[in-house]
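The values are calculated or read from the model by the stated rules, or taken from the named source; none is laboratory data. Keep in mind that what you see is a predicted model, and the values were worked out from it rather than measured. Heads up, the Cβs are rebuilt from the backbone with ideal geometry, glycines too, and the neighbour counts pull from every protein chain shown.
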Amino acid sequence: MPQTIAQKILSRHAGKESVQNGELIFAKVDMVLGTDVTVPLSVEVFRRMGAKKVFDPAKIALVNDHFIPAKDLKAAQLSQIMRQFAQEMDAPHFFEVGRSGICHVLLPDEGLVKPGDLVVGADSHTCTYGALGAFSTGIGSTDMACAWALGELWFRVPSTIKVEVTGKLPKWVGGKDIALYVIGKLGVEGALYKALEFTGDTIRNLPMDGRFTLCNLAIEAGAKTGLVASDDKTAAFMAQFPQLKWDPVFSDPEAAYSEEYTFDVSDLQPQVAKPYLPSNAVPVGDLKGVKVDQVVLGSCTNGHLSDFQLAAEAMRGRKVHPHTRLVVIPSSHKVMLELLDSGLARTFTEAGAVIGPPTCGPCIGGHMGILAQNEVGLYTTNRNFVGRNGHPSSQVYLAGPAVAGATAVAGEISSP
Amino acid sequence: MEGNVFKYGANVDTDVIIPARYCTSFHKEELAPHCLEDLDATFAKRVQPSDIIVAGRNFGCGSSRENAPLAILGAGVGAVVAESFARIFYRNSINVGLPILECPEAAQAAQNGDRLAIDLEKGVIRNLTRGGQYTAVPFPESIRRIMEIGGLEEYVKHRLMTNDK
C-alpha cells in the first residue's frame, strides 16, 4: 500500500509493514525531549509508575531553556529537579545553563535528531524537527514519563495534508512568512490531528533554517507534525554528524493525502499575524503605522544566525527607535558565539538593543521582557494569545526577522 | 454528574487556561486559583465542584503544558464539553483523568449558567435548563482500553510490574 512519510516512519517504529490513518499504535521512540518546565512533573509521574531507569539514557534530552537563568526560586527548583534526575539516570544529553539553548534549535545542532526518526517532546513545538524529515511531535508530561519508562508511546496515525509551495520568494520573505500565510489560509485548527507535508520548488530552495521555522509553526495550524522530505540540503546539514547513519524517507507517489493545497508565493509580502491568533495573517503593508513598544527577536521559531543577519540588514545601521525596546535572544550558546564572531552582537548593542541569554523567557511571558498593560509587541516568536507575553491587555503581532528589524528602528510596524 | 455551565468561545488556549507565569508549579491545588484568569478573572472564585466548562472548537490549543488540565481539575471542574479539542490537550486530559466530551451540538446549545447532567460512561449530556439530550463523539476503542486500566500511568505501572517491556 502506498504510504506517506508520516505513515512510513510510524509503521517502522511500530514494527509493522504499514499503518492506516486513525489506527492507534504503540511505537518505539528515538528521542524523548523534556525541559525545565515539563520534566519535574514527569519525574513525579515516573516515580509513581514505579519506574527506576529510563529505557535508554542516551535517548532522552533534558534541556534548561524555559525559565532559565532561573527567574525565581520556584524556577530554580524546577531546574534542580531536572539536574538531579539527569545525574540519577546518568543521562548524557542534559544541557546546563550556559551550555544550553532553546531545545528546538539545540537538538538538531547537537546531532540528536536525524531523518526518519520518531521524536517526542514535552513541548508543543517539537514538530520543528520535521524539517529534517523526522516524525516529531509534542506530548505532555505523563506521556513523557511513559516514553522514559517503556521507550514507546501510543500514537494515532494521522492523515497528511500536502501543502505545495511554489514560486521564487521575494527579498525579505522567508520561512516565517510562508508559515503565517499558510496558517492564515488553513486556520488554527485546519490541520488538527493531521500531519502537514510541505513540498514544491519553494521548499526545495528554502534553506534549512527556513524549514525549521516552517515546521516549528505546524502546531499553530493544529498539526501533529510538519514534514519536509529529505534532500541535498538535509544531507548537507546532516554532514555535520558523519557518525550518524540515516536513510531518507519519502512519501510514495501514489500515497493518499486527506487534502492538497498549492500556494504561489512569488508575490508574497512579508506577513504579520495580528493579535490574538497566529492565523490572523495579513501583509505587513496593511498594518503600517501601528506603534510598537517592544520588539523581540529570537525564539525557537526565528533564532538562527540567518534570522539575526536578516534583522540587522533590515535595520540598515539605524538605531532602535527612542520609544521602542529591542530584545535580542540568541537561541543557543552556539548562536550566541555566532553573534559575537559575526559582529552582530556589537551591531545590535550599538543600535540600542539588549541581548539576553538563550531562553524561552519573553516568548512564554516567563521573564526577560514582559509586556505591561496595553503595551504592543512585535515578536518573531510563535504565539500571540491573550496574556501569553505579559498583561492580558497587551497585544503581540507575529512576524519574521526582516519586519522585526524594520519595526524596531521605525517604532511602528514597518516593511523592510 | 451535574453542574452549572461556564461557557467560552473557540480556541481557548492553554496560555489562558493557566498562564506560564504560574507554571513554576505543577500541583493542581496551586494552579487552580489562577485557572482561566486571563480570560475570566472571576472563574476560579465562582466555580463550584462538578461545574462544567463548555467551549467552542479547538479547546486547549497551544502549549503542551499538562498544567492546563491539572488546573481545571484542581478548580473542581467535573468535565469539559467542547466542539473539538486540540490534540496535546486531548492526550493530557486522558492521561490526568479530566473528563472531556467532544459534542458540537451540546456545546453550541448550552449557555452560561445552564445546568447539565452528564453520564460519563455513556457520553450522554442532558441540558436540564433547555431540555436537549446529546451524545458525545465516543473515544476510539484503543483509547478506551487505556482509560479502562485507569489511564496511562496505571498502564505503564502494570507493564513494568509484569515485566512486559
**Request:** Only residues that are among the β-branched types (V, I, T), farther than 19 Å from A:A223 by Cα and within 14 Å of chain B (Cβ to nearest Cβ): list them for the range A:103-144, please.
**Result:** A:T142
**Request:** For the range A:335-354, state whether one or more residues are crowded, with 23+ Cβ neighbours inside 10 Å and either in contact (Cβ under 8 Å) with a residue 60 or more places away in the chain or charged (D, E, K, R) (or both).
**Result:** yes
**Prompt:** Do any helices (runs of 4 or more DSSP H) entirely within the range B:53-159 hold 3 or more residues that are in contact with a helix residue (DSSP H, G or I) (Cβ under 8 Å, 6 or more places away or on another chain), and if so, which?
**Reply:** B:67-74, B:87-96, B:141-149
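With respect to A:D56, determine if the residue is within 14 Å of another protein chain (Cβ to nearest Cβ), farther than 21 Å from B:F26 by Cα and not aromatic (F, W, Y).
Here the answer is yes, as A:D56 does meet what is asked.
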**Prompt:** Hey, which of the strands (runs of 3 or more DSSP E) in the range A:81-173, taking only ones fully inside, have at least 2 residues that are within 13 Å of A:A61 (Cβ to Cβ)?
**Reply:** A:93-95, A:118-121
**Message:** Considering only the range A:71-80, I want to know if a residue exists there that is in contact with an Asp or Glu (Cβ under 6 Å, 6 or more places away or on another chain), part of a loop (DSSP other than H, G, I, E, B) and more than 10 Å from every other protein chain (Cβ to nearest Cβ).
**Reply:** no
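The rows are residues; the columns are (1) within 29 Å of A:D307 (Cα to Cα); (2) in contact (Cβ under 8 Å) with a residue 40 or more places away in the chain; (3) among the β-branched types (V, I, T); (4) not assigned by TED's automatic domain parsing to the domain that holds A:M49.
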position: A:F85; (1), (2), (3), (4): no, yes, no, no
position: A:A122; (1), (2), (3), (4): yes, yes, no, no
position: A:Y129; (1), (2), (3), (4): yes, yes, no, no
position: A:S136; (1), (2), (3), (4): yes, yes, no, no
position: A:I139; (1), (2), (3), (4): yes, no, yes, no
position: A:I161; (1), (2), (3), (4): yes, yes, yes, no
position: A:G174; (1), (2), (3), (4): yes, yes, no, no
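State all residues of the range A:1-16 that are more than 18 Å from A:V120 (Cα to Cα), at pLDDT 95 or above and more than 25 Å from the chain's Cα centre (by Cα); if no residue qualifies, say none.
Narrowing the range A:1-16 to residues more than 18 Å from A:V120 (Cα to Cα): A:1-4, A:16.
Filter again for at pLDDT 95 or above, leaving A:2-4, A:16.
Correct list: A:P2, A:Q3, A:K16.
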**Fill in**
Those residues of the range A:213-229 which are of a type outside the set (A, V, I, L, M) and assigned to a helix (DSSP H, G or I) amount to A:T213, A:C215, A:N216, A:E220
**Item:** Where B:M1 falls short, out of the listed (1) at pLDDT below 95; (2) within 13 Å of chain A (Cβ to nearest Cβ)
**Value:** (2)
**Message:** I need a count of the residues in the range A:174-212 that are away from chain B (no Cβ under 14 Å) and part of a strand (DSSP E or B).
**Reply:** 3
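Each row is one residue, and each column tells you yes or no for (1) free of Cβ contacts under 8 Å to residues at least 12 places away in the same chain; (2) in contact with a Pro (Cβ under 9 Å, 6 or more places away or on another chain).
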residue: B:K7; (1), (2): no, no
residue: B:N11; (1), (2): no, no
residue: B:R21; (1), (2): yes, no
residue: B:A32; (1), (2): no, no
residue: B:D40; (1), (2): no, no
residue: B:G60; (1), (2): no, yes
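Got at least one residue in the range A:390-399 being assigned to a loop (DSSP other than H, G, I, E, B) and surrounded by 21 or more Cβ atoms within 10 Å (Cβ to Cβ)? Outline the logic, then answer.
So the first thing to find is which residues in the range A:390-399 are assigned to a loop (DSSP other than H, G, I, E, B), and the list is A:391-394.
From what's left, surrounded by 21 or more Cβ atoms within 10 Å (Cβ to Cβ): A:394.
For the range A:390-399, residues assigned to a loop (DSSP other than H, G, I, E, B) and surrounded by 21 or more Cβ atoms within 10 Å (Cβ to Cβ): present.
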**Request:** Restricting attention to the range B:1-25, report how many residues are of a type in the set (D, E, K, R) and either under 21 Å from A:I219 (Cβ atoms) or out of contact with any strand residue (DSSP E or B) (no Cβ under 7 Å at 6 or more places or on another chain) (or both).
**Result:** 3
**Fill in**
Only one of A:A149, A:A145, A:A191 is under 19 Å from the mean Cα position of the chain (by Cα) and at pLDDT 95 or above, namely A:A191
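I'm trying to understand the selection: among the residues of the range A:378-398, which are small (G, A, S) and closer than 17 Å to B:G62 by Cβ? Outline the logic, then answer.
Here is the first cut: in the range A:378-398, the residues small (G, A, S) are A:387, A:390, A:393-394.
Within the range A:378-398, A:G387, A:G390, A:S394 qualify.
Answer yes or no as to whether B:I17 is crowded, with 20+ Cβ neighbours inside 10 Å and away from every other protein chain (no Cβ under 14 Å). I'd like the intermediate steps shown before the answer.
Details: crowded, with 20+ Cβ neighbours inside 10 Å: yes; away from every other protein chain (no Cβ under 14 Å): no.
Considered against the rule, which asks whether it is crowded, with 20+ Cβ neighbours inside 10 Å and away from every other protein chain (no Cβ under 14 Å), B:I17 comes out as no.
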**Asked** Could you say which residue among A:L78, A:L73, A:L41 is surrounded by fewer than 20 Cβ atoms within 10 Å (Cβ to Cβ) and under 16 Å from B:H27 (Cβ atoms)?
**Response** A:L73
**Request:** Could you figure out which of (1) within 10 Å of chain A (Cβ to nearest Cβ); (2) surrounded by fewer than 18 Cβ atoms within 10 Å (Cβ to Cβ); (3) hydrophobic (A, V, I, L, M, F, W, C) isn't true of B:I88?
**Result:** (2)
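In the list A:P270, A:P207, which residue meets the criterion of being touching a helix residue (DSSP H, G or I) at 6+ places or on another chain (Cβ under 9 Å) and either free of Cβ contacts under 8 Å to residues at least 60 places away in the same chain or surrounded by fewer than 19 Cβ atoms within 10 Å (Cβ to Cβ) (or both)? Let's see the steps before the verdict.
Working: A:P270 fails: either free of Cβ contacts under 8 Å to residues at least 60 places away in the same chain or surrounded by fewer than 19 Cβ atoms within 10 Å (Cβ to Cβ) (or both).
Only one candidate passes the filter, namely A:P207.
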**Item:** Of residues in the range B:24-50 being out of contact with any helix residue (DSSP H, G or I) (no Cβ under 7 Å at 6 or more places or on another chain) and not in a loop (DSSP other than H, G, I, E, B), the one nearest to the other protein chains (Cβ to nearest Cβ)
**Value:** B:E30
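Looking at this structure, is A:S306 more than 20 Å from A:L398 (Cβ to Cβ) and out of contact with any Gly (no Cβ under 6 Å at 6 or more places or on another chain)? Even if it seems obvious, please write down each step before you answer.
Values: more than 20 Å from A:L398 (Cβ to Cβ): no; out of contact with any Gly (no Cβ under 6 Å at 6 or more places or on another chain): yes.
Against the criterion (more than 20 Å from A:L398 (Cβ to Cβ) and out of contact with any Gly (no Cβ under 6 Å at 6 or more places or on another chain)), A:S306 does not qualify.
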**Selected residue (only one of B:A82, B:A10 is closer than 28 Å to A:S279 by Cβ, at pLDDT 95 or above, within 14 Å of chain A (Cβ to nearest Cβ) and crowded, with 22+ Cβ neighbours inside 10 Å)** = B:A82
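Output the residue which, of all residues in the range A:348-366 that are assigned to a loop (DSSP other than H, G, I, E, B) and within 9 Å of chain B (Cβ to nearest Cβ), is farthest from A:Q395 (Cα to Cα). Even if it seems obvious, please write down each step before you answer.
So the first thing to find is which residues in the range A:348-366 are assigned to a loop (DSSP other than H, G, I, E, B), and the list is A:352-353, A:356-360, A:365-366.
If we keep only those that are within 9 Å of chain B (Cβ to nearest Cβ) too, we end up with A:360, A:365-366.
Working: A:C360: 18, A:G365: 12, A:G366: 16 Å.
If we take residues in the range A:348-366 being assigned to a loop (DSSP other than H, G, I, E, B) and within 9 Å of chain B (Cβ to nearest Cβ), then A:C360 is farthest from A:Q395 (Cα to Cα).
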**Request:** With respect to A:K233, determine if the residue is under 30 Å from A:N21 (Cβ atoms), among the basic types (K, R) and loosely packed, with under 14 Cβ neighbours inside 10 Å.
**Result:** no
**Asked** Hey, any hits in the range B:127-141 for a residue that's within 14 Å of chain A (Cβ to nearest Cβ), modelled with pLDDT under 90 and more than 16 Å from B:A79 (Cβ to Cβ)?
**Response** yes
**Prompt:** Can you find even one residue in the range A:43-52 that is more than 11 Å from chain B (Cβ to nearest Cβ), touching a residue at least 60 places away in the same chain (Cβ under 8 Å) and farther than 25 Å from A:L244 by Cα?
**Reply:** no
